[in-house]
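The values are calculated or read from the model by the stated rules, or taken from the named source; none is laboratory data. Just so we're clear, the structure is a prediction, and the values are computed from it rather than from any experiment. Note that we place each Cβ from the backbone using ideal geometry, even for glycine, and neighbour counts take in every protein chain shown. Ligands, DNA and RNA are stripped out before the accessible areas are found, and what is left, the full protein with its side chains, is counted by its heavy atoms. Shrake-Rupley method; radii C 1.70, N 1.55, O 1.52, S 1.80 Å.
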Amino acid sequence: MIRRSSAARIGAMLLVTSALGASLAAAAGELPYRVLHRIPLSGAAPVQALAYGPGGKHLYAAAGAEVLSFQAATGASEAVVKVPGQVAGLAASPDGGGTLYVAVRAPARLFFLGLNPLRVRSSVPIRGGAPSALLYEPAEHALYVESRSGRTVARLDSADGKTVAVTRLQGDLEQMTGDGRGTVYVANAASDAIDVLASGNMKSLGAIPTPDCRAPTGLDLDPVGRRLFVACSNGTALIIDTDMGFAFEQLAVQKATGLRTLFAFHPNGPAGWKGGAFIAGAGPALDAIRMNAFISYTAAGSMPLPGRATALAASPAAGQLSIALAPRDGAAAHAASAADEPRQQAGMQILVLGSSGGAQ
Amino acid sequence: MRGFKKRLRAAGLCAALAVMALPAAHAALAPWSALRGKTVLFVTGGTDSATPNDDARVARHLEQLGFIVHTVDAAAPASDADGAALIVLSSTANPRVLGDKYADTPVPVFTWNTYDYPNLGLTGPVLHKDFEVIDPVQHYPDSFSVLYAYGANLTSQISRAVGLKAQLFGTLYLEPQTAGWGHPGPGGTVIADFKGMADHAAVFTYEREASLADGRIAPARRVGFYLGDDDFHLLTAAYGPAADDPNMRSWAIGLKLFDTALRWAASPPPPLPAYDPSALAARLRDAARGKKVLFVERMDAGEGAEADGHIVAHLRSLGFTVTVADQSDPQTRSRGQDLVMISGTCSKWKLANKYADIAVPVISLEGLMSDTLHFSGYDRYVDYGEHGEEHESDDPAENYLNIVGAWSPMAAGLKPGLVKFATDPGVLKWARPLPDAIVIATLPNEPQERAIFGYPKGARMAGGFIAPARRALLPLDNPTYDELTPQGSALFDAVVLWAVGG
């Protein structure tokens, strides 16, 4: 029960096929963003998580078992902290003079890092299996840890990491998001639905189907408009009214696996946007959905990416959108090289995008 | 095309067999399983369709419901519908090309082609008066109002299946939208309306053999629905946690209403009653066994007393146990009764509000009590009135009625159209009931003046009153009973049988 638009798809294809040889900034003309920094990463591990610090002055990235920090304004590297295992998720908070939460897969632990300087303060074990994602809800003083392998979502107290409740779900758990007022949503790629959890007790409240949207992986929420932005592997994005569970808008995006969604910049987006949802994954581009009003959204074009996106983060304070990229492999890399992309595709990197003009 | 027609005929045969196999209780609204495999002729604008539109999405939805969908454009011949179980007309089909080609087709029609409503006889012909399409460009403020509709009818098969309530519901999702309304004739049933105005029907139906707005007879079921070209996908529905909230569930019913109305249209209609006064009397005698009737009259009335006596005698001859009460008797006289019949000899002023709220079926032979009994609004000569009463009516005496609800058992099997009700012109009362009433007959040339109608139990009556039991108006002014024609007598029996039947 959804509206379909081909604009984004067409836009994406045009950009990918005709503009990959040009500079990124030029190719990104359709979006009101330009590349502020390209942060090359020396390690071999892709970035699994990105997070901006409070105030947007610092950008944190997790690659392998390392947590790295950068100056958001310049992209300059600041510090590196090692943790005992691969990082699955990051989240930053102003609490405790500035805290970076780090979920480590194995051993499954939550680390508390102080920000000034960046160093491990403490850690606690995580129940429910190896973490695959971390969500911080400051209004609830809660951290949500998802375990794809354990098929669980755990609620932790953000002050001490104590596990409050754990719920077990069926299916393939993907990106999660929350409204900060009692509800957590989890994309379920196996059931073509969004699982809805009561964050207080982590009980299931039901599932919102994603009609025409197969294998949803990307998910983020506009907590003000109460809109869920869902990205699906079959090249479909949905906008769902969470009050009704009703998908009222359907837009075409790239067909790709591992799509992640990020809603940002409400109410003062670039170029008069009231907000935007950004979608990227193993595909060739960053797709954008423009919020015109709470009931009006349009496909706003795409930006070709020189690699597959592994993580997204945004900071309204910094006016930045960051995308962690890793080289594509297999057929995707081959196709990209045919488009004269290899120079830009080399190595792990973080693209930091900022407004190319207009009101912030 | 030949192959398609063969398939259609085969599907039609299957459908006929399925209908025969249906239990009687399902005759009005077939289960989905009985409709699976039936063919729908989906008429769209084809290559001329406006862009964007939801025709492809609708076709897919129909297939998901189990129908075999054959899509044609407006220029396709009406014979394409031969053997189909249902014709679905999209608003994208050009109504000028469609014309009236499906008007006489004995296949149910489900349409949201508002401009085609007059061609099908569903409404009158006048734009903005008989029908209208609201769109955000031409009618921006109203395009918000059509996001809401009112549950006008609580007792139709569709209403019951949807769980429609006498309250607003969300028609389409939250953006100003295009939607159409129609003003069906008295033979139509308004299911939901915009702004609480029954003449702005968002969803309305005609049963087979009901009289259409243009006087023709519906050859099969007809449904008008409020959709526009591209808002099928915005028909409301609640999912996830919202689906567990009864308020949200009863608010977001657009898609359910669409599906149910579609299902009703494709379901086999009930068998048509045959005009057979003897058989009708026999059924009434069966029904009367052990039942009690309170006949309320003005005792010693003078004019009308003889006719009242004859009514009582007739009811007793059928087997009813009849008790006669005076208009001044308390309402408690109705306790333990199975039917209360209010004579036309009663004084409205003296009867006051008695019997309006009793949980016993009521037949009023006096139309002027329509307001006190919640049959209609309170505006005398607007909401109810009379023909032929000296000094009280501008309208001439009348003895004919126009049957518009021939499909109902209350019509006694009489054919649609004029029927001689009484031997000589006299006083005939009428009222304008709410959409929940089943209208059987109007005054001739006065489609808004409904002479015979009934409210089922649970129906929404005037002033928000919910019928605690069946209610009916049968216009028999003081001596008219003695002047009834055989057809008029059959109508009397049929209304009594209906009233005591549920």
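Between A:N116 and A:D243, residue separation times 0.36 nm minus the direct Cα-Cα distance comes to 41.7 nm. With contacts defined as alpha carbon pairs under 8 Å and 6 or more residues apart, what's the relative contact order of the range B:2-266 in percent? Over the range B:2-266, the number comes to 18 percent. Amide H contacts of B:S267 (H built 1.01 Å from N, in plane; Pro and chain starts excluded): B:A30 sit under 5 Å, all sequence-distant by 5 or more or on other chains. Computed on chain A, with alpha-carbon pairs under 8 angstrom and 6+ residues apart, the relative contact order is 18 percent.
When A:H266, A:H141, B:H233, B:H374 are compared by accessible area of protein heavy atoms, the largest-first order is A:H141, A:H266, B:H374, B:H233, using a 1.4 Å probe.
Taking θ as phi - 60° and the Karplus parameters 6.51, -1.76 and 1.60, the scalar couplings of the range B:213-225 work out to 5, 9, x, 6, 10, 5, x, 6, 4, 9, 9, x, 10 Hz in sequence order, x denoting glycine and proline.
If each DSSP helix of 4+ residues adds -39,500 (n - 2.57) and the sum is divided by the residues in the protein assembly as shown, what number results at 222 nm, nearest 500 deg cm²/dmol? Could you put the intermediate results ahead of the total?
Numbers: 17 runs with 147 residues, N = 862.
Value at 222 nm, helices only, nearest 500: -4500 deg cm²/dmol.
Amide H neighbours of A:K274 under 5 Å, at least 5 residues apart or on other chains, H built in the peptide plane: list them. So A:K274 has HN proximity to A:G269, A:M291. Per-residue surface analysis assigns B:R283 an accessible area of about 120 Å², computed on protein heavy atoms at 1.4 Å probe radius. For the range A:199-214, a reduction of at least 50 Å² in accessible area between the chain on its own and the assembled protein chains (probe 1.4 Å) is found at no residue. Remark on chain B: ratio of C-alpha radius of gyration to 2.2 N^0.38 Å is 1.00.
Computed with a 1.4 Å probe over protein heavy atoms only, the accessible surface of chain A comes to 35 Å² per residue. The phi torsions of the range B:111-119, fed into the Karplus equation with coefficients 6.51, -1.76 and 1.60 and a -60° offset, translate into couplings of 9, 10, 8, 4, 5, 8, 3, x, 4 Hz, rounded to whole numbers, with Gly and Pro shown as x.
Ignoring ligands, DNA and RNA, what percent of the accessible area of the protein assembly as shown is carbon or sulfur (1.4 Å)?
Working: 16950 of 31740 Å².
Answer for the protein assembly as shown: carbon and sulfur cover 53 percent of the accessible area.
At full extension, B:L127 and B:A352 could sit 76.8 nm farther apart than now, given 0.36 nm per residue minus the alpha carbon distance.
Approximating the spin labels as points 7 Å out from Cα along Cα→Cβ, the B:D424-to-B:M299 distance works out to 3.0 nm. Note on B:Y275: accessible area is roughly 80 Å² with a 1.4 Å probe, heavy atoms of protein only.
Of the peptides B:133-142, A:207-216, the ranking by mean beta-carbon count within 10 Å, highest at the top, reads A:207-216, B:133-142.
How much of the pair distance distribution for the range B:98-232 lies past 17 Å, counting alpha-carbon pairs only, in percent? Intermediate results must be reported in sequence, preceding the final value.
On the way: 4944 of 9045 pairs.
Above the 17 Å cut-off, the range B:98-232 has 55 percent of its Cα pairs.
Kindly provide the trypsin sites (Lys or Arg not before Pro) of the range B:58-149 that DSSP labels as loop, not H, G, I, E or B, and whose Cβ sees at most 12 other Cβ atoms within 10 Å. Walk me through the numbers before you get to the answer.
Working: sites: B:R60, B:R96, B:K101, B:K129; in loops: B:K101, B:K129.
Hits after loop and neighbour filter: B:K129.
Here the relative contact order of chain B, from alpha carbon pairs under 8 Å that lie six or more residues apart, stands at 12 percent.
Take a quick pass over the range B:2-266 and tell me how many lysine pairs come in under 22 angstrom between Cα atoms, counting only ones 8 or more apart or on separate chains. Lysine pairs satisfying the spacing and distance rule in the range B:2-266 number 10. The range B:209-236 and the range B:347-416 have Cα centres spaced 29 Å apart. With an a/c value under 1.5 for the gyration tensor axes a ≥ b ≥ c computed over the alpha-carbon atoms, the range B:2-266 is described as rounded. For chain B, the longest principal axis of the alpha carbon atoms and the long axis of helix B:305-318 meet at an angle near 70°.
With respect to chain B, whose longest principal axis is taken over its alpha-carbon atoms, helix B:277-288 is tilted by about 80°.
Determine, from the Cβ-Cβ distance of A:Q170 and A:I295 and an R0 of 35 Å, the FRET efficiency 1/(1 + (r/R0)^6), rounded to the nearest 0.05. Show your work: numbers first, answer last.
Values: r = 33 Å, r/R0 = 0.94.
Efficiency computed from Cβ-Cβ geometry: 0.60.
Interface burial in the range B:143-176, defined as at least 40 Å² less accessible area with all protein chains than with the chain alone at a 1.4 Å probe, covers B:Y173, B:E175.
Our coupling estimate for the range A:305-319, obtained by passing each phi through the Karplus curve with A = 6.51, B = -1.76, C = 1.60 and θ = phi - 60°, is 10, x, x, 8, 7, 10, 7, 10, 7, 9, 9, x, 5, 7, x Hz, Gly and Pro reported as x. Considering only C-alpha atoms, what is the centroid distance from the range A:190-257 to the range B:430-502, in Å? Using only Cα atoms, the two centres lie 52 Å from each other. Potential lengthening of the chain between B:T485 and B:L272 amounts to 74.5 nm, from the contour at 0.36 nm per residue minus the alpha-carbon distance.
Here the simple spin-label model places points 7 Å from the Cα toward Cβ, and for B:R316 and A:S42 these points are separated by 11.4 nm. Just to check, using Stokes-Einstein with a Kirkwood Rh over alpha carbon pairs, what's the diffusion coefficient of the range B:277-500 at 37 °C and 0.692 mPa s in µm²/s? So the translational diffusion coefficient is about 194 µm²/s.
Cα axis of helix B:486-500 to longest principal axis of chain B: angle in degrees, 0 to 90, nearest 10? The angle comes out at about 80 degrees.
What does the buried accessible surface come to for B and A, summed over both chains, with the probe at 1.4 Å? Round to 100 Å².
Rounded to the nearest hundred, the buried surface is 1800 Å².
Magnitude of the charge dipole for chain B, about its Cα centre and with charges confined to Cβ atoms of Lys, Arg (+1) and Asp, Glu (-1), is about 2240 debye.
Label positions at B:Q138 and B:A50, each projected 7 Å from the Cα along the C-beta direction, are separated by 0.9 nm.
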